[in-house]
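Everything on this sheet refers to the single structure shown next.
The values are calculated or read from the model by the stated rules, or taken from the named source; none is laboratory data. If you're wondering where the values come from, they're calculated on a predicted model, not measured in any experiment. Positions of Cβ are generated from backbone atoms using ideal geometry, with glycine treated the same way; all protein chains shown enter the neighbour counts. The protein model used for the area step is the full one, side chains on, heavy atoms only, and it has no ligands, DNA or RNA in it. Shrake-Rupley method; radii C 1.70, N 1.55, O 1.52, S 1.80 Å.
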Amino acid sequence: MNTSEEKSLNNSEDKRKVTTHRLHEMKQRGEKISMLTAYDYSMATIIDQAGIDVILVGDSASNVMAGNVTTLPITLDQMIYHGTSVMKAVKRALVVVDMPFGSYQGNTIEAIASAIRIMKETQADSIKLEGGEEIIDSVARIVGAGIPVMGHLGLTPQSINKFGTYAVRAQEEAEASKLIKDAHLLEEAGCFAIVLEKIPAQLARQVTNELHIPIIGIGAGPYVDGQVLVMHDMLGINKGFSPRFLRRYANLYDEITRAVRSYVKDVKDGDFPSIDESY
Ligand code: KIV
């Protein structure tokens, strides 16, 4: 076993609860942060005991759980349902629940009320919201209420109708400068970490070097403090989604298809259940 394998094994076997403070320490000592999405009790149980550092109850539930084309339709009540299910499973990981579209963009009063509902009803550790300068007052107010906030910049899927495309963001100078400014504003407002989605690796590297809080990338290259993927994508449950940044660690679509076909055949053939499987 080489040193880096030993190091990651030791870290994933560390049973202490992951906190925002521990994420900060991980950045300081150069230990990468692992983050995945989960939306239900059973999958959250598996990925928590496997040693993931952060579980995001992402509004990508709108796509992978509810079958919507975008993240916009999912409601606050639905996010609270997913958050509550995940929280029943998790012992070690830090849990972040996404604030859904429409629950915080209106004004700071609405934003703080939505954040408090998520924290009270799910008992999650923190919330995440998308955007920079436009929502900075709400971020400061939520942090002021004692709620840890994770920011999200770059490709922000709740703004897909404004962007009109899921292409790489911040390739032009003006958008890159705004992203750097927004990242600093989020840090100053008290965010404990920021997700950077689908931006050039060198821009993500600059933000990571300039900020003291952990930067978690998705399609933002290797020079960040941690990585996040949507669980259904990395397990190969989704077939039709293959962006360059996605590495698949399993092929569950084919695996599940094979299992279901075997079951259907056994039932049709009268092979299941056997006498041993009967009472
Ligand atoms: O909702 C989600 O899954 C996310 C990740 C893509 C970071 O926000």
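Some points to look at:
- Cα-based helix-to-principal-axis angle, 3-12 vs the chain, degrees rounded to 10: 80
- The calculated 222 nm mean residue ellipticity attributable to helices in the chain amounts to -13000 deg cm²/dmol, summing -39500 (n - 2.57) over DSSP H runs of n ≥ 4 and dividing by all residues.
- Inter-part distance where region 261-279 and region 76-119 are each reduced to a Cα centre, Å: 43
- Given their separation in residues at 0.36 nm each and the Cα-Cα distance between them, Ser262 and Asp14 gain 85.4 nm when the chain is fully extended.
- Helix 108-122 axis, angle to the chain major axis (alpha carbon atoms, nearest 10°): 30
- Accessible area per residue, Å², region 161-279 with all protein chains present, probe 1.4 Å: 61
- Over all pairs of different C-alpha atoms in the chain, the reciprocal of the mean inverse distance, the Kirkwood hydrodynamic radius, equals 19.8 Å.
- Contact order normalised by residue count of the chain, Cα under 8 Å, 6+ apart, percent: 15
- Entries of Lys91/Lys120; Lys27/Lys128; Lys120/Lys178; Lys128/Lys198; Lys17/Lys120; Lys178/Lys198 with Cα pairs more than 25 Å apart: Lys120/Lys178
- Tyr41/His184 FRET efficiency (R0 51 Å; Cβ-Cβ; nearest 0.05): 0.85
- Sulfur and carbon atoms: percent of accessible area, the chain [1.4 Å]: 54
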